[in-house]
Amino acid sequence: MGAKKATIAASARVRGRIAGDEDLLVFGRVDGEIDLRGALDIDASAVVKARIRATAVRVAGTVVGDITATDVLHLAPTARVIGDLRAGRLVIEPGARVSGGVTVEEQKADGPRRTFESLSPMLGGPRFEARKPPPPQRATAVRMPTLEPEIVEPSDPPLGESQRPWTPPQRGRVETEGEIDAAPRRPLPQPSAVPETNKRRVTVKMKTRGEP
Amino acid sequence: MPIDATKPAVRLARGMIVRGELEAPGDLVIEGKVEGAVRVGNDLFIESGAEIAAETFAERVVIAGFASGRISARTSVEVRSTAEVEATLIAPIVSVADGARMRGRIDMVVDIPEASR
Amino acid sequence: MSATRIGRSIVVTGAIETPEGVVVEGRVEGSIVARGHVDVDRRGVVRGDIVARTLDVEGEVEGPVTATDRIEIRADGTVIGDIRAARILIADGARFEGTVHMDRSRDDD
């Protein structure tokens, strides 16, 4: 057994954004966003109401939100998903319940393997009506817009302020009756009952270590 | 009813093209091209290499070829690895195999269990 | 048994609530409210409130911390913010800036 994986336990609840460069197991609740470069496993007990982006996603629980998997998206028989699915590869097991758009396009280094060639430019929707026959040969290849799921690079802006390099707090600074204003940052995202924590009134009662 | 591809069924051979309404009371195996409306009393097979662009109703649908339109099944729609789907799939059970290409929708009633927490 | 573990590369921006505990090896910007034990690992960073039964800090915490039982700031740990607990242990070498409120009468909050 290797090192323990990042986990949201069954009884836990996270409201906000979870981002990272490792695998994550979710057994509990998440409301917000999940942005992962890694494998995301949503267990049968989990309820995730979030926009999900990850390298690989396995869903055995409940998801309300769009799911984008750069590589494979796997829905187990117990999956319940309301949202649009986008993946390089898709596996849906019988029993999974899905309501939403589905876009699967194999991602290779040189781009999608091939484009869809439409017999007729119909993409589900209104009742089909008989129309004039198309030309006898295969219809002109309709180049579907290439869907490129976001490949999240380390410096990619969408990861936002939480990926800014952490600067160690200045050592030895003593504030008396003042307010510590942590490094300026954008307010924490809604919705959450997170109290404003950036400013704290600190009364220094203890000595800091002897540093300038 | 279990699928038995060897059982005699109405078979639309490769090279055949049907435009219009196609109705089969039992099983239907499509190896050619169909454009229009398809109504199948039992199981519908869209073989690898076949193409269907239609409003489709069947008991059960297995897609191994190209399918576009809206495909409704009373029991299940199975999308195989060789399939290319540009359609809305409507069935109580939908399965998609690794390798299948798809761009469309899956419409099911999804009951979201509300957590009691 | 799988405890909530915020992995090293994970950043949670928001609120974590659990009746159990949390291990923070990565970063939490927001709040942690736990009824169990919270462990801020050596490389863990929390900017925000922590409420727990017991709290061990080996990393860095910036924000008020409250423990119904005990708070321990280990030698590598840093806490910047008010501490409220029934028992407080600050190891030699630990860094702390804030106000300490010892509350021995506090059983459950």
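All of the numbers you see were taken from the coordinates with simple rules; none came from a lab. Everything numeric here is computed off the predicted structure, so don't read it as measured data. Positions of Cβ are backbone-derived with ideal geometry, glycine not excepted, and every protein chain shown enters the neighbour counts.
What is segment A:6-104's relative contact order, in percent, from Cα pairs under 8 angstrom and six or more apart in sequence?
Across segment A:6-104, relative contact order equals 17 percent.
Please state the relative contact order of chain C as a whole percent: Cα pairs under 8 Å, 6+ residues apart?
Answer for chain C is 16 percent.
How far is it, in nm, from the label point at residue C:89 to the one at residue B:16 when both lie 7 Å from their Cα along the line to the Cβ?
8.3 nm
When DSSP beta bridges are limited to those with both residues in segment B:37-106, what percentage is antiparallel, rounded to the nearest 5?
0 percent
About the Cα centre, and with charges only on the beta carbon of Lys, Arg (+1) and Asp, Glu (-1), how big is the dipole of segment C:4-101? Nearest 20 debye, please.
Roughly 120 debye for segment C:4-101.
With θ set to phi - 60° and the Karplus curve 6.51 cos²θ - 1.76 cosθ + 1.60, what are the ³J(HN,Hα) couplings of segment B:36-44 in order, to the nearest whole Hz, using x for Gly and Pro?
Couplings: x, 10, 10, 10, 10, x, 10, 9, 10 Hz.
If I take every Cα pair under 8 Å that is 6 or more residues apart in segment A:1-47, average their sequence separation and divide by the length, what percent do I get for the relative contact order?
36 percent
So, R0 is 56 Å and r is the distance between the beta-carbons of residue C:99 and residue B:112; what FRET efficiency does that work out to, to 0.05?
Efficiency, from the Cβ-Cβ distance: 0.80.
Count charges around residue B:12 for me, please; just the other residues with Cβ under 9 Å from its Cβ, Lys/Arg as +1, Asp/Glu as -1.
Summing Lys/Arg as +1 and Asp/Glu as -1 gives +2.
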